[in-house]
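What follows is one structure encoded as structure tokens, with my remarks underneath.
Please treat every number below as a calculation from the coordinates, not as lab data. Since we're looking at a predicted model, the values are computed, not measured. A quick note on method: Cβ atoms are made from the backbone with ideal geometry, for glycine too, and the neighbour counts reach across all protein chains shown.
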Amino acid sequence: MRKTVGWQAGRSGSRLRRTSLERRELRADDVAVRVDYCGVCHTDLHAVRAHAGDVPLVPGHEFTGVVTDIGPEVTRFAPGDRVAVGNIVDSCGVCAMCQAGQENFCHEFPTLTYAGTDRYDGTTTLGAYSREYIVRDEFTYPLPTGLDPAAAAPLLCAGITVWEPLQALGVGPSSRVAVAGLGGLGHLAVKLAVALGADTTVVSRSDGKAGDARRLGGHDLIVSTDRRRMAAARDRFDVVIDTIAVPHDIAPYLGLVALNGTLSHLGHLGTITVRTTDLLIGRKKLSSAGSGGRPATAAMLEFCAQHNVVADVELLPSARVNDALDRLERNDVRYRFVLNMSDLS
Ligand SMILES: NC(=O)c1ccc[n+]([C@@H]2O[C@H](COP(=O)([O-])OP(=O)(O)OC[C@H]3O[C@@H](n4cnc5c(N)ncnc54)[C@H](OP(=O)(O)O)[C@@H]3O)[C@@H](O)[C@H]2O)c1
Ligand SMILES: [Zn+2]
Ligand SMILES: [Zn+2]
């Protein structure tokens, strides 16, 4: 086994601790990546807070770094290449979803970057809050030149998660898009929708982020608790991207959806209650999305390089990971923490 170092969660509520970790030896199609930057996703926070302590938990599933070693069958990468890796690291490769380039929906469930099960040895995957990650070449993406590696890291979970629905729902220059929840996913949804040419509005709990909404290219911010503004925006948006991190009533957000439009509910994953009439009136559609297939991930990275889209990040030494999680919990981040892993060397 290869030795590395990372930040491991203890039982629910306890602090992450610096620990030595083991990674597998390189398989024929594996790439060894020195992790330089890893984003702190709200999913990491959910995982750490819910962790029962039964299996090791090392979060981290949006990272960039440099290839340090390759297996004998790897032809797409060489040591020294700048790369990016997201929240899935393997899939069956043969089911209809994999064949369609939607490895994120693999019928055998894709292998998650952390807290997943390795398809070959059955071990629990350990994430990228660590100095080294071993990953199949197919799930490793060249990081386009021009993209800053720290600010690009969040594209690999937050970015692709909002990119796939924006693409699948045909968002372009004539679209009106609302983004509910201006956090890590939300601010990238705004930047991507704006770059696609859409008229984009933010829906947030207060007007405290109104200046940011405009700076990000949005044309308006609606306060979700302002019933008058919400009513005035009724049926206005072709696409509503809901990235809110907690359970909530989706009725007010369905109200914003235009005739034949779609609400993509992708922030809080779980059971929701929907009144059929909220869909019936206006023939509205309810959808969701998560992560992305390999073709869409590569396309998203190219689009971001062309349009200069990266996350607004606050870069912290990885030793401040517990601070980052606490502040994320308090919504005290504009708009993504990224951990600099060099302090693990
Ligand atoms: N579908 C997927 O595959 C996928 C992938 C990644 C993440 N996620 C999930 O997406 C969610 C967002 O992740 P993130 O990293 O963007 O989180 P984040 O940076 O914390 O942003 C979440 C936003 O939700 C809003 N919010 C938070 N608490 C709220 C509350 N109590 N009531 C109403 N709104 C609240 C806030 O927006 P305002 O301040 O503007 O109101 C906040 O900025 C998380 O639940 C995460 O697990 C899903
Ligand atoms: Zn994530
Ligand atoms: Zn599959």
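Once the piece of chain linking H107 and T225 is laid out straight, how much longer is it, given 0.36 nm per residue of separation minus the C-alpha distance between them? Mind showing how you got there, number by number?
Details: separation 118, 0.36 × 118 = 42.48 nm, distance 3.97 nm.
Using 0.36 nm per residue and subtracting the Cα-Cα distance, I get 38.5 nm.
What distance in nm separates the simple spin-label points at L279 and L259, each placed 7 Å from Cα in the Cβ direction?
Taking the simple label geometry, L279 and L259 are separated by 2.1 nm.
Between Q306 and E25, how many nm apart are label points set 7 Å from Cα along the C-beta direction?
4.4
What length, rounded to one decimal in nm, is gained on full extension from D118 through to R320, with 0.36 nm per residue of separation minus their alpha-carbon distance?
The D118-R320 span can extend by a further 69.8 nm.
Give me the percent relative contact order of the chain, please, defined on Cα pairs under 8 angstrom at least 6 residues apart.
On the way: 843 pairs, mean separation 61.4, N = 345.
It comes to 18 percent, rounded to a whole number.
Using only alpha-carbon positions, what ratio does the radius of gyration of the chain give when scaled by 2.2 N^0.38 Å?
Numbers: Rg = 19.8 Å, N = 345, 2.2 N^0.38 = 20.3 Å.
For the chain, the normalised Cα radius of gyration comes out at 0.98.
Give me the extension gain from D69 to R234: residue separation times 0.36 nm, minus the current Cα-Cα distance, reported in nm with one decimal.
Numbers: separation 165, 0.36 × 165 = 59.40 nm, distance 5.42 nm.
Taking D69 through R234 to full extension adds about 54.0 nm, to one decimal.
Which lysines, on any chain, are close to K285 with Cα under 24 Å apart, when same-chain ones fewer than 8 places away are left out?
Correct list for K285: K191.
Give the residue from A178, S224, P247 lying farthest towards the positive end of the charge dipole for segment 159-287; charges sit on Cβ (+1 for Lys and Arg, -1 for Asp and Glu) and the dipole is referred to the Cα centre.
The one lying farthest along the dipole's positive direction is S224.
Once you order the gyration tensor axes a ≥ b ≥ c over the Cα atoms, which shape class does segment 159-287 get: rounded for a/c under 1.5, otherwise prolate or oblate by comparing a/b with b/c? Write down the numbers at each step before the final one.
Numbers: a/c = 1.33, a/b = 1.20, b/c = 1.11.
Taking the square roots of the gyration eigenvalues as a ≥ b ≥ c, segment 159-287 is rounded.
What list of ³J(HN,Hα) couplings, whole Hz, do you get for segment 236-243 from phi and the Karplus terms 6.51, -1.76, 1.60, once you set θ to phi - 60° and write x for glycine and proline?
8, 10, 5, 9, 10, 9, 9, 10
Hey, with R₀ at 22 Å, roughly what FRET efficiency would E329 and V55 work out to, going by the Cβ-Cβ distance, to 0.05? Before the final figure, lay out each step's value.
Numbers: r = 23 Å, r/R0 = 1.04.
In this case the efficiency is close to 0.45.
Suppose every Lys and Arg Cβ carries +1 and every Asp and Glu Cβ carries -1, with no other charges. What dipole size does segment 159-287 come out with about its Cα centre, to the nearest 20 debye?
Working: 15 positive and 11 negative charges, 46 e Å.
Here segment 159-287 has a charge dipole of around 220 debye.
Pairs of alpha-carbon atoms within less than 8 angstrom and 6+ residues apart define the contacts here; what relative contact order does segment 159-287 have, in percent? Intermediate results must be reported in sequence, preceding the final value.
Working: 266 pairs, mean separation 27.0, N = 129.
Once divided by the residue count of segment 159-287, the mean separation gives 21 percent.
Assuming R0 = 30 Å, what is the FRET efficiency of R215 and D249, from their Cβ-Cβ distance, to the nearest 0.05?
Values: r = 29 Å, r/R0 = 0.98.
That gives a FRET efficiency of 0.55.
Over the chain, what is the percentage of antiparallel beta bridges among all DSSP beta bridges, to the nearest 5?
Working: 33 of 59 bridges.
Close to 55 percent.
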